[in-house]
Structures are given as C-alpha cells and as structure tokens.
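Values quoted throughout were computed directly from the atomic coordinates according to the rules given, and no laboratory measurement underlies them. Note that the coordinates shown come from a computational prediction; the quantities given were computed from them, not determined experimentally.
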Amino acid sequence: MAAMELFEERGFEATTVADIAARAGLTKRTFFRYFADKREVLFSGTDALRETFVAGVAAAPADDCPLDAIAAGLDAMADLFAEFGEHPRRRQAIIAANPELQERELIKMNAYAAAGAGALRERGVAEPGASLAAEAGLAVFRFAFEQWTSGEEGQDLHALIEHGLTELKSVAQSS
C-alpha cells in the first residue's frame, strides 16, 4: 500500500495526500473518493472490524456470562487480524509514533466498546454490567494487541487475549 510505505519512509506528518496519490498512480480527487483524509487510510477497516466484533458477541452461547460473550467477539476480531499478515504491526508502529493518530485510535476503540455494550444489551445484559464488561474486554484487547504488534513475531493474538482475560478475572476475584 502506497500510503503505508510513505508513512514508514517519511513519517505520517511529512506525507501528503498528493504524495500518496502520486505513489499509488491516482489523482487526489480519486483518493478522496475512498478516504476523507490521510488518517483514514490507517482506519479504513473500522466498520468491518466492529461488525465482526458485534457478530462474535451475538453468536456466543446464550448461557455465557457477559465477559465471556465479549471474549467471543474479541476472538472474532483476532481471527480477522490473523488474515492481515504484517499490516497490523506496520500500522500500529505508525500510530504509536503520532499522538494525533493515537487519539483517533482511542476514539475508534471507544466505539468498539459502545458497540460491544449494545450487543450485550441485546442479549439481555442490563447496565452498568453491559458497559463494564465491554470496556473491560476492550482494555484486555488493547493490551493484547499492543503485545502482539510490538512483540515477537509468531505470537498468537488469541492466546494473548485469553491470557489477559484470565488475568482480569483473577484480579477481579481477588479483590
């Protein structure tokens, strides 16, 4: 992807839409048909990922506790990330180097938590339990994803999520 290459070569701030369009063999106008701005190149799969997460929560067994239903959604997200090869690691390195992108990432993660809480409410989970479970689950996901993207190659995102959830449950029970 032209934008990723340029962000890695020049940095996010120093790369313009004109640069990306030229590298991709497009006009700026064509670029803007697909992306609102250059940041959206990095966040373009958000809707599909959120839908995958919500579908995973909805598909969890009916007798799962709220956090286990959220875990099913997180596993569905991990399945999707496994298909992307090195892209998530490259993307995350670019985001980590830019505070503006970190802010955008947090906004997107909050949207996932809200969607997860909504999916739990659809399953009959009342508030504040639905929001607490979704927020806790997404905190685990953020932690696991950071380990996965910055750690050794070959780590399993599913295992990192499972470990994080186990730790969360352990901490909650020992309080």
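Here are some notes:
- Between 0 and 90°, nearest 10: helix 66-82 axis offset from the chain longest Cα axis: 30 degrees
- For the range 1-43, the alpha-carbon coordinates run over 24, 20, 16 Å along the three principal axes, in decreasing order.
- Excluding same-chain neighbours fewer than eight residues apart, the lysines reachable from Lys169 by a Cα-Cα span under 29 Å are Lys108.
- Taking the longest Cα principal axis of the chain as reference, the axis of helix 87-96 is set at about 80 degrees.
- Partners for Lys28 among aspartates and glutamates (Cα-Cα distance below 15 Å; same-chain residues under 8 apart left out): Asp19, Asp37, Glu40
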